[in-house]
Structures are given as structure tokens and as C-alpha cells.
Amino acid sequence: MLLDADHCQQKGLIDMPKTAIYPGSFDPVTNGHLDIIERGLKLFDKIIVAILTNPGKQSLFALEERMQMLEVCLKKFSNVEIGTFDGLTVDYAAQCNAQGILRGLRALSDFEYEFQMALMNRRLNREIQTVFLMTGMRWIYTSSSIIKEAAQFGGNIKGMVPPVVEKRIREKYARKS
Ligand code: PNS
């Protein structure tokens, strides 16, 4: 179907502020996440970083700690908010009046899981579109899990996470050992 300008105007597709939620565990936030948020802001007027409160896996950081770190890292963006949710991502997106779900893709290995999740989300709510953005090359191999693993055994994680997160990870593992 060809969408002409009048049709888009009638449907409110033009000039409508666009909001996306960016869901995840953020245990903790990494530079890769921040890279996706910055890229997402080129497409969306507002991004709501949505922390899942009941991830299946045990988290290193409590929800409040994950929120605090995100607040520090995101305070420079006036159009980024932080929210928490449990249950379905699409339900939270609808609650936020968001048109999009933003997800980052790194390597090909992310694709199958992300593809399955995006298709299920579309089946659950056809009004909400999943938008994938490629992470910057610098962050292609980073994830919260691999960074935590490296830090746990004394590896240098400088430059992979914001300084506030690096400090909190170090403190966490120092207390555990
Ligand atoms: O950072 P993560 O752990 O890769 O994020 C995964 C997340 C939170 C996006 C995903 O687990 C999720 O959306 N969970 C909420 C339940 C849901 O809606 N699942 C997808 C459709 S069944």
C-alpha cells in the first residue's frame, strides 16, 4: 500500500511524537546499551528505558541499584525516562503509549532470540513495532553477562561500562570475595 501525505496526515502519522520503550534487565547498564539509546534518539522523540523487575535469571544488582546507575548515566538526556515493569513488554509499551520497542543487535547470535521475541510481541500487539538497531562496532562483543564474568575474576572492564557502573561492579565483587 502506498501512503500519500494526506493519508498519513489523516492517520496522525506525521508530526506525531514517537515514543519507544527500550526493555531489558540492565544488570547493569553497559556502554553498548547507552550506544543503542543514543542511536534510538535519532528516530524516536522519547525513549523509556524499561527495566524488567522479575528477570528469570538471578540478578547481580537489585532493581534500585540498576535504576540508580541508569539515572546517573542518562541524566544528560532530557527525553529519556526510566521505568520498571513486570509481565509482558507489549503491555508496558501500550501503557506508555509507545509506538515502538527498541532492541539492539550485536552479533548474528542475537538474531534468533530477538526474531522470535519480536514476532511473538507482534502477535500479542500488532500496533507496536519492534525496531532493531545495530550496536556500534566497539560494543559488538560486550554484554552485561560477559562483563560481569570478566570483573568477577579480576579482568579489566574499563571502557566497557560507564565509570559509575565499573565502580559498583568492583564493589560488588570485592564484598563477595
Ligand atoms: O536484557 P534482556 O535480558 O535481553 O531483556 C529481555 C527482555 C526483558 C526484553 C525480555 O525478557 C522480555 O521482554 N520479557 C518480558 C516478557 C515478554 O514480554 N516476553 C516476550 C514475549 S512472550
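How much area per residue is accessible in region 32-177 when the probe is 1.4 Å and only protein heavy atoms are counted (Å²)?
Computed with neighbouring chains in place, this is 60 Å² per residue.
Take the residue pairs K18/K76; K42/K172; K75/K167; K46/K167; K18/K148; K76/K158 and return only those whose Cα atoms are more than 24 Å apart.
Where the Cα-Cα span goes over 24 Å, the pairs concerned are K42/K172; K46/K167; K18/K148.
Could you tell me what percent of the accessible area of the chain is made up of carbon and sulfur, with a 1.4 Å probe and every protein chain present? It would help to have the intermediate numbers written out before the result.
Values: 5650 of 10660 Å².
Percent of accessible area from carbon and sulfur atoms in the chain: 53.
Run the Debye formula on the Cα coordinates of the chain, all scatterers equal and no solvent, and tell me log10 I(q)/I(0) at q = 0.10, 0.14, 0.19 1/Å.
Log10 I(q)/I(0), no solvent term: -0.42, -0.78, -1.37.
Based on the Cβ-Cβ distance of F132 and Q152, what FRET efficiency does E = 1/(1 + (r/R0)^6) give at R0 = 41 Å, to the nearest 0.05?
According to the calculation, E is roughly 0.85.
How charged is the neighbourhood of T19? Take every other residue with its Cβ under 13 Å from the Cβ of T19, and add Lys/Arg as +1 and Asp/Glu as -1.
After counting each charged neighbour, the total is -1.
The values are calculated or read from the model by the stated rules, or taken from the named source; none is laboratory data. These numbers were taken from a predicted model, which means no experiment stands behind them. So basically every Cβ, Gly included, is an ideal-geometry build from the backbone, and we count neighbours across all protein chains shown. Just so you know, the surface numbers come from the protein's heavy atoms only, side chains and all, with ligands and any DNA or RNA stripped out. Shrake-Rupley method; radii C 1.70, N 1.55, O 1.52, S 1.80 Å.
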